[in-house]
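The values are calculated or read from the model by the stated rules, or taken from the named source; none is laboratory data. All figures in this text were calculated on a predicted structure; none of them were measured in a lab. Every residue, glycine as well, gets a Cβ built from its backbone with ideal geometry; the counts of neighbours run over all protein chains shown.
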Amino acid sequence: MTDRPLSIISGPPLSEEEGLGALTLGGWLRDVTERFGPREALVLHEAGGAIRWTYDDLWDQANAVARSLLACGAGKGTRVGVLMTNRPEFLSAVFGAALAGCVATTLSTFSTAAELEHLLQSAGCSVLLLERHVLKKDFAEMVTALEPSIASAEPGGLAAPKFPFLRHIAAVGGGEGAIEDWQTFLARGQAVSHDLVTATAAAVTPADHGVLFFSSGSTAKPKGILSAHRGVTLQLWRWRRYYAAGDDVRIWSANGFFWSGNFGMAIGGALSGGGALVLQPTFQAEEALALMQAEKATMAVAWPHQWAQLEAASNWNDVDLSALKYVDARTPLGRHPTVKTTWREPMAAYGNTETFTISAIYPSGTSDKEIAGSSGKPQPGGVFKIVDPLTGVIVPMGERGEIAVKGPTLMLGYIGTPLDETLDAEGFFRTGDGGYVDQAGRLYWEGRLNDIIKTGGANVSPIEIDTILKQCPGVKVTQTVGVPHDTLGELVVACIVPHAGATLDEERVRAFAKEELASYKVPRRVLFFTEEEVQLTGSAKIKTADLKASVVKRLELEA
């Protein structure tokens, strides 16, 4: 027994939080439009010129989508898939779905055909709004290949056993068969009154289902994470406070809004305070720098591997980035010769998709002394406890264990999984992350307790990768691991024992993986081992720690 206090820390009461507005997505958009209506909300450069929307334009476009969804028969709780990059229609689709009482279901444009099939079947979308052409992918062709009846069905008349709830598909970039082009879809709503949209939006409560995002976890397939309107909008309002930035924020980002962190950081950070989004649908370093210069971006939201690519871009020494104000001097952009900055990025933070991004943080401007190397303090209404990973018992203050969290942004649950199988008896979500708390109320995150790989800002499941690689001809044993990397956080490495006599090389295995896996999940390196080199436990499982050490040694020898 010990007399030390237990490892439980809490944020201030939610009722005391300042700077909040409406706590539904439709209400949030109405609030920011009323405050900043004629100001520029977003800009997208594409062939033919730049698209610029004011807050008023975004409101009008979101209402147009809402009217069309209602015309399609969508109602409260209807799931609307949004398969798009960072473009204006992504925002009008998500907020239009909210205004119509629907649940915006964001789908990654990195998805392969197999991954998209899983997402659509799991989500049970009734409407799918997609961007047809993304790099070399044609998502209209992809969904039609998954369900051939889409090619012959009439728009609105889809009845496909593979996707039994799916009735309507519309595409930015042109449609065919059951897939309507975007303007035809919007024309559906012209007969629906604005008053009906006003009524549907007013019928939505902060406790209602708001969004469905997907995140890879400890299983082989991405998990659907359902969040209430309140959880999402709290974070949208909070990012303005986290950044401690003014209304001159113009945020460049190419990171997909279909991931919760990018959604909250960029959309909330820019639009909650009257700023603007400089949109780049897919990341390309030279283009990104040119966009920042042309649009006088004042902030950049990027992951570490993108920082390195920006610094290595061919036009790095030629661009004028002097407008950048809210960039940290510790980043490459902050060190650019044209940039003068004293702003500090709020790097002391912790969060999960299950809490719709941040649950502990210190905002920009906090001193290093106060941060003390921590991951921040709980946000209003939030509670953390540190538990023994095996027993679930709360450990004494300062002891290491598993981080568990609950609070007003906590998910409503994983789709298809009973809530009592996800939360403990006290309503806490056990994160699978290790760490501890101190008596000053600070949280310290120390990494994953399981083997999830965090690479380039995304979570990658080794189980998912190994499930695919086991199907590669010539592969006898495969174990994917993550090892430390300067810019990616962790490098995804597949460790393979080939069958006797098999002819395998690194590029052949990577090419096989690319057929089934999103690009960020494809192993950056493939290393080959003999069975003697792979240490097994008594239950015939590979000793991951020993394997990681071997990988690190090999990579060091190659360097």
Which numbered condition in (1) touching a Lys or Arg at 6+ places or on another chain (Cβ under 8 Å); (2) without any contact (Cβ under 8 Å) to a residue 12 or more places away in the chain is the only one that residue 329 fails? (2)
Any residue at all in the stretch 41-57 that's in contact (Cβ under 8 Å) with a residue 60 or more places away in the chain and either part of a helix (DSSP H, G or I) or under 19 Å from residue 194 (Cβ atoms) (or both)? yes
Could you tell me whether any residue of the stretch 292-300 is within 23 Å of residue 267 (Cα to Cα), free of Cβ contacts under 8 Å to residues at least 12 places away in the same chain and either touching a helix residue (DSSP H, G or I) at 6+ places or on another chain (Cβ under 9 Å) or not β-branched (Val, Ile, Thr) (or both)? no
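Mind checking which strands (runs of 3 or more DSSP E) fall wholly inside the stretch 435-501 and carry at least 2 residues that are surrounded by fewer than 16 Cβ atoms within 10 Å (Cβ to Cβ)? Steps first, answer last, please.
Details: elements: 443-448, 453-455, 458-460, 475-485, 489-498.
Here the list reads 443-448, 475-485.
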State all residues of the stretch 502-537 that are assigned to a loop (DSSP other than H, G, I, E, B) and of a type in the set (Gly, Ala, Ser); if no residue qualifies, say none. 502, 518
All but one of (1) crowded, with 17+ Cβ neighbours inside 10 Å; (2) part of a loop (DSSP other than H, G, I, E, B); (3) under 23 Å from the mean Cα position of the chain (by Cα) hold for residue 343; which doesn't? (3)
Report those helices (runs of 4 or more DSSP H) wholly inside the stretch 214-331 carrying at least 1 residues which are among the basic types (Lys, Arg) and buried (at least 20 other Cβ atoms within 10 Å of the Cβ). 229-243
Mind listing just one residue for me: the one in the stretch 454-480 that is modelled with pLDDT under 85 and within 19 Å of the chain's Cα centre (by Cα) and, of those, farthest from residue 384 (Cα to Cα)? 464
Enumerate the pairs (first residue in the stretch 411-422 and at negative phi and free of Cβ contacts under 8 Å to residues at least 24 places away in the same chain; second residue anywhere and surrounded by 11 or more Cβ atoms within 10 Å (Cβ to Cβ) and of a type in the set (A, V, I, L, M)) with beta-carbon separation below 9 Å, excluding pairs fewer than 6 apart on the same chain, so at least 6 apart or on different chains. 419/412; 422/411
From the list 186, 212, exactly one residue is more than 18 Å from the chain's Cα centre (by Cα) and either at pLDDT below 95 or not assigned by TED's automatic domain parsing to the domain that holds residue 262 (or both). Which is it? 186
Just to be sure I understand the filter: pairs with C-beta atoms under 6 Å, separated by 6 or more residues or on different chains, first member in the stretch 4-20 and assigned by TED's automatic domain parsing to the domain that holds residue 241 and free of Cβ contacts under 8 Å to residues at least 60 places away in the same chain, second member among the small types (Gly, Ala, Ser) and surrounded by fewer than 16 Cβ atoms within 10 Å (Cβ to Cβ). Which pairs pass? none
